[in-house]
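S.K.: Can you read through this structure? Questions will come right after.
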């Protein structure tokens, strides 16, 4: 064992991770949980207890995904309004704003799915003591 001096700064665990993994852990709440459907009865019970203890982090993830939903919807609505303005002036041309709005609409739909799934998991783990 090596001893550390009290004035030495301790490096964060995230300093060693690539940015993609840090971003993944910042946005994706499901990496926190263990599979409670595999193993013997004691292993499943331990995984379920672990999942119940990790549910306290889900409201923070819900807020992040709520913000991403609002942002994606606002951007899609903005590009959608640009698309209708362009469609009135030019016909027969490729509407780039409609394509961008559709892309942001897909991001919004995926964000809503993650938001609902995270909400369900939080409510399930909060209500079921099993």
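The values are calculated or read from the model by the stated rules, or taken from the named source; none is laboratory data. The model shown is predicted, which means the values in this text are computed figures rather than measured ones. Cβ: placed from backbone, ideal geometry, glycine included. Neighbour counts: every protein chain shown.
S.K.: What number of residues within the stretch 18-48 satisfy the criterion of being more than 17 Å from the chain's Cα centre (by Cα), surrounded by 13 or more Cβ atoms within 10 Å (Cβ to Cβ) and assigned to a helix (DSSP H, G or I)?
M.R.: 6
S.K.: What are the residues in the stretch 105-130 that are surrounded by 16 or more Cβ atoms within 10 Å (Cβ to Cβ) and within 23 Å of residue 46 (Cβ to Cβ), if any?
M.R.: Passing the criteria: 118, 121, 122, 125.
S.K.: Something else now. I need a count of the residues in the stretch 1-17 that are in a loop (DSSP other than H, G, I, E, B) and modelled with pLDDT of 80 or more.
M.R.: Within the stretch 1-17, residues that are in a loop (DSSP other than H, G, I, E, B) and modelled with pLDDT of 80 or more number 1.
S.K.: Report yes if some residue within the stretch 56-79 is modelled with pLDDT under 90 and assigned to a helix (DSSP H, G or I); otherwise report no. Give the steps one after another, and end with the answer.
M.R.: Residues of the stretch 56-79 that are modelled with pLDDT under 90, as a first pass: none.
Within the stretch 56-79, not a single residue is modelled with pLDDT under 90 and assigned to a helix (DSSP H, G or I).
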